[in-house]
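Let me begin by presenting the structure, written as structure tokens, before commenting on it.
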Amino acid sequence: MRGVDVANYRFDFDLTFAVLFANARGRIYGRYGSRDADSADGRLSTVSLEKAMERALAVHERERDLDPPARAPAVRVEELPGAALVWPGKKPECIHCHMVTEVEWKPDLAAGGFDKRRAFVDPDPASIGVELDVDEGNLVSRVLPGSPAALAGIEAGDVLVRLGTQWILSQADVQWVLHNAGWTDSLEAVVSREGEDHALRLELPDGWKRGDISWRPSMWNLDPKPGFFAVEASQDERTRLGIPAGQLALVVKSVPPGPSKRGGLKEGDAILAVDGNRTLVPARVVYATIRLGHEVGDRMSMTVLRDGKEVELAIELR
């Protein structure tokens, strides 16, 4: 990303693969590249990429003669104010995509004024109650009952034509619009149903953006840090330790010097609960919950299994 103009060419910086469709005059027609919590390529396919390219060409035919969009002054990653905080006294040789977010967030993180709602970037379509067909990219395969999409009248089998002012070439375009929407908002959605276009209104309630962002590398930048590394217990480990199925069980592999170590956490402990919650989730979700649910200086409770007995720990997060 070194030398890339991040003021005018933006995408989901947590991805491993992303495409922008643009003309020579700087008009961006759409985007391609998405993922889910389980897989970096679970929402990608050569079929959907080809269809997104075809749709981009169709939009180009309609909009090629429009005036170029207003452009912000070009800004390179290494020119941002946070660059000097991330790379003090040196110029980075290589800038990975996820580092863009780190640089952009760093000034507010360093000043203690970071709004953690900013971490909920590029929301998955599921945040509005929509699941999209992987190969089609804009075909609604399922609508969750009671969701904003269902209340707006979107149905399974609909094709998303436009959301706000954005033509929908792929799932990434849906996420781009949702990324730029407010925490409460109202968006026009145009869907094609049985060959006819229908204009619908999506009402987005407060907090709709919250979802599983535990997979995102940008999460690594948030404080407080968990201060330990653990993995999900295997079935053999559960049996040996006597931990029932369906309950949280994370085996601690390392505890570097820091708050968790000072709080008494040890390698080999099995974490059974964090802040009293024993819900079975992956380790990455526990890490994210600590970062999003606490601030530096908070106390976190942890229940661990050690030598066959449950031990309660109190950890002051830093």
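Within the range 221-247, take every residue that is part of a helix (DSSP H, G or I) and without any contact (Cβ under 8 Å) to a residue 60 or more places away in the chain and give me the one that is nearest to E267 (Cα to Cα).
E237
Condition first: in contact with a Gly (Cβ under 9 Å, 6 or more places away or on another chain) and farther than 23 Å from R55 by Cβ. Now tell me which residues in the range 135-154 satisfy that.
L144, P145, G146, S147, P148, A150, L151
How many residues does the range 272-289 hold that are outside any strand (DSSP E or B) and either at negative phi or crowded, with 17+ Cβ neighbours inside 10 Å (or both)?
11
Would you pick out the residues in the range 199-221 that are more than 16 Å from D124 (Cα to Cα), surrounded by 18 or more Cβ atoms within 10 Å (Cβ to Cβ) and aromatic (F, W, Y)?
Within the range 199-221, none qualify.
Working carefully through the options K225, K261, find the one that is surrounded by 15 or more Cβ atoms within 10 Å (Cβ to Cβ), in contact with a helix residue (DSSP H, G or I) (Cβ under 9 Å, 6 or more places away or on another chain), among the charged types (D, E, K, R) and more than 15 Å from K309 (Cα to Cα).
K225
Identify, from the list R71, R118, R62, the residue that is among the basic types (K, R), outside any helix (DSSP H, G or I) and either under 22 Å from V19 (Cα atoms) or under 23 Å from the mean Cα position of the chain (by Cα) (or both).
R71
Of the conditions (1) on the phi < 0 side of the Ramachandran plot; (2) surrounded by 12 or more Cβ atoms within 10 Å (Cβ to Cβ), E196 fails just one. Which one is it?
Result: E196 fails condition (2) only.
Tell me the residue from D269, D185 that is of a type in the set (D, E) and either modelled with pLDDT under 95 or crowded, with 21+ Cβ neighbours inside 10 Å (or both), please.
Unique residue meeting the criteria: D269.
Considering (1) assigned by TED's automatic domain parsing to the domain that holds I290; (2) part of a strand (DSSP E or B); (3) touching a residue at least 40 places away in the same chain (Cβ under 8 Å); (4) not hydrophobic (A, V, I, L, M, F, W, C), say which one K253 fails and leave the rest.
(3)
Has the range 74-83 got at least one residue that is in contact (Cβ under 8 Å) with a residue 12 or more places away in the chain, closer than 22 Å to D135 by Cα, basic (K, R) and surrounded by 15 or more Cβ atoms within 10 Å (Cβ to Cβ)?
No, the range 74-83 has no match at all.
The values are calculated or read from the model by the stated rules, or taken from the named source; none is laboratory data. What you see is a predicted model; the values in this text were computed from it and never measured. Here Cβ is always computed from backbone atoms with ideal geometry, including for glycine, and neighbour counts include all displayed protein chains.
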